[in-house]
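The values are calculated or read from the model by the stated rules, or taken from the named source; none is laboratory data. For clarity, every value in this text was computed on a predicted model and none was experimentally measured. Methodologically, a virtual Cβ is constructed for each residue, glycine included, from the backbone with ideal geometry; neighbour enumeration extends over all protein chains shown.
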Amino acid sequence: MAFRFYIILLIFSFGTCFSQSQKSNQGLDGIKTNPNVIQTQNDSLLIQKVEDDIIAADFDQKWLEELYSNTLYDTIYNSVSDLSFEEVEYPELSTELLKTRLADLSSKTPFNVEYNPGLESVIKSYLKNRRETLQKLINLSAFYFPMFERALDKNDLPLEIKYLAIVESALKPRAKSRVGATGLWQFMYSTGKMYGLDVSSYVDERSDPIKSTEAAAQYLSKLYEIFGDWDLALAAYNSGPGNVTKAIRRSGGYQNYWNIRHNLPRETAGYLPAFLATMYIFEYAEEHGFTKPRPEVALFETDTIRVKQMITLDQISEATGVEMEELQFLNPSYKLDIIPFVKGENYALRLPKTVMGDFVTNEDHIYDFAKAEFAKREKPMPQFFESDTKTTHRVRSGEFLGIIARKYGVRVSDIKKWNGLRSNNLKIGQRLTIYPRNSGAPSSSSIGKTAATKSVSGSSTTYTVRSGDSLWSISQKFPGVSVQNIKDWNGISGSNLKPGMKLKVSKS
């Protein structure tokens, strides 16, 4: 089923009028237009209608049906629990039960998972004090672990190494330590370069989940080749091989991690216990009351495409309807939310498969839009504005950065920079400094979405979601209603719908 949606994007204004014959063949500034997709009106360039190729979309649908009927998909999703997490008291983990479970775990992995009081203390501390954090990590792991396991298997490494990324970064691809280690696997600049991770003003591949995982697998493989022991390899990964060899010398030649632990740097001394505790809790998650939910985005439900010219994530968001926050999650290596085009480099965009066909079918027009908008903005980007135009916005219930950015015609990345925000999380009542567009006219990100911000007023109805419905198909049932209208009226941030869900829709 072809996924269709309507987007009206104001790209730029200009002072010189073209002749009627010129308008029939090209848009503004010589940009070629397709009358069915891009039209000029009132000296503006509009994306009138974007839709996927019907035949290609039909092929995609057949492939997805084959994928979802696969037993692997059933294994991943059909047996999972609900996403909710409830505070429940569980019986104290006995020492004897822990010893039994650790012995069972040790038989399945090359790591030395042996009981000791220190490890027991770490495990019980995590279970008591970090339940909510651990549940969030279990949720996130459903997206990241498949890509970790693929790289580890490719390099013949123990699959349990996937738990190392939790200890290193708490599965935050843009995590940065006080000494500059960055990404899921916390590579220092020099080590990342050594293993092929590009770092530039626009891109930091240490934050690229797939590329950094491959680099980590190669680095760990080399460390194991040196030390011949996985515990020591992990210690060397954390503190450097030199600190491990010093600890071996100072301990009198011992080569068991637990025998040299007291000679390792303080952080590394707690590193392996944290790794083993994490491994235990994830392997026995259900026994301790944690759930294994379906991820909001699964890796195999996304795809990548090589970009052909510079484009920003919020331009992509405007063209595809994918929320900015989701694009940032899927493309964390682009530091300024800008995907550059550099000769000789292969920079890729990751999108949900549900919109990949729309992007590919219309990419020339989307790039035309991006090119014109870049010309309008006058680089460098992102833009900053005069201080005398700033305003203060107080965050209200239900608001997120994407909504606030559209309201003022600015970009999410701008708001984060102006307010020193490291994440997209906001608190009700939080005050944000905003520099609205001061050109005297709304920006392209706000035009075409003005109608989307209105409240449900006048005559309204309740629509019950049926199997196979999408936000776009529902919007087509109500004249004058857009996808963004429905999302704003119902407080929906993503695009996932469940059969039986009730949606408010205005008829006016």
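Checking each residue in the range 188-216 for being crowded, with 21+ Cβ neighbours inside 10 Å, in contact (Cβ under 8 Å) with a residue 24 or more places away in the chain and of a type in the set (Gly, Ala, Ser) picks out 207, 212, 215, 216. Every condition in (1) out of contact with any strand residue (DSSP E or B) (no Cβ under 9 Å at 6 or more places or on another chain); (2) under 20 Å from residue 134 (Cα atoms) is met by residue 224 except one, and the failing one is (2). Quick check: anything in the range 438-446 surrounded by 18 or more Cβ atoms within 10 Å (Cβ to Cβ), under 14 Å from residue 402 (Cα atoms) and either modelled with pLDDT of 75 or more or over 29 Å from the mean Cα position of the chain (by Cα) (or both)? No: the range 438-446 contains no residue that is surrounded by 18 or more Cβ atoms within 10 Å (Cβ to Cβ), under 14 Å from residue 402 (Cα atoms) and either modelled with pLDDT of 75 or more or over 29 Å from the mean Cα position of the chain (by Cα) (or both). Take residue 177 and tell me if it is closer than 18 Å to residue 271 by Cα, out of contact with any strand residue (DSSP E or B) (no Cβ under 8 Å at 6 or more places or on another chain), hydroxyl-bearing (Ser, Thr, Tyr) and free of Cβ contacts under 8 Å to residues at least 60 places away in the same chain. Yes; evaluated as a whole, the condition is true for this residue. The set of residues in the range 156-187 being surrounded by 15 or more Cβ atoms within 10 Å (Cβ to Cβ) and over 22 Å from the mean Cα position of the chain (by Cα) consists of 157, 158, 160. Has the range 301-312 got at least one residue that is in contact with a strand residue (DSSP E or B) (Cβ under 8 Å, 6 or more places away or on another chain), crowded, with 20+ Cβ neighbours inside 10 Å and in contact (Cβ under 8 Å) with a residue 60 or more places away in the chain? Yes, the range 301-312 contains a residue that is in contact with a strand residue (DSSP E or B) (Cβ under 8 Å, 6 or more places away or on another chain), crowded, with 20+ Cβ neighbours inside 10 Å and in contact (Cβ under 8 Å) with a residue 60 or more places away in the chain. Can you say whether residue 238 is in a helix (DSSP H, G or I), in contact with a Phe, Trp or Tyr (Cβ under 6 Å, 6 or more places away or on another chain) and either modelled with pLDDT under 95 or of a type in the set (Ser, Thr, Tyr) (or both), as far as the supplied structure shows? Spelling it out, residue 238 is indeed in a helix (DSSP H, G or I), in contact with a Phe, Trp or Tyr (Cβ under 6 Å, 6 or more places away or on another chain) and either modelled with pLDDT under 95 or of a type in the set (Ser, Thr, Tyr) (or both). Residue pairs whose Cβ atoms lie under 8 Å apart, sitting 6 or more positions apart in sequence or on different chains, and linking a residue in the range 123-143 that is surrounded by 15 or more Cβ atoms within 10 Å (Cβ to Cβ) to a partner that is of a type in the set (Gly, Ala, Ser) and part of a helix (DSSP H, G or I), are 123/277; 126/277.
Within the range 255-266, does at least one residue satisfy the condition of being among the charged types (D, E, K, R), surrounded by fewer than 16 Cβ atoms within 10 Å (Cβ to Cβ), without any contact (Cβ under 8 Å) to a residue 40 or more places away in the chain and closer than 29 Å to residue 342 by Cβ? Explain how you work it out, then say what you get.
Of the residues in the range 255-266, the ones among the charged types (D, E, K, R) are 261, 266.
Checking which are surrounded by fewer than 16 Cβ atoms within 10 Å (Cβ to Cβ) leaves us with 266.
Okay, now just the ones that are also without any contact (Cβ under 8 Å) to a residue 40 or more places away in the chain, so 266.
With closer than 29 Å to residue 342 by Cβ added as a condition, the list becomes none.
No, the conditions are met nowhere in the range 255-266.
Cβ-Cβ contacts under 6 Å between residues 6 or more apart (or on different chains), taken from a first residue in the range 349-372 that is free of Cβ contacts under 8 Å to residues at least 40 places away in the same chain to a second residue that is among the small types (Gly, Ala, Ser), are absent. Selection of the range 392-430 for residues being of a type in the set (A, V, I, L, M, F, W, C) and either over 23 Å from residue 490 (Cβ atoms) or in the same structural domain as residue 337 (by TED's automatic domain parsing) (or both) yields 410, 415, 418, 421.
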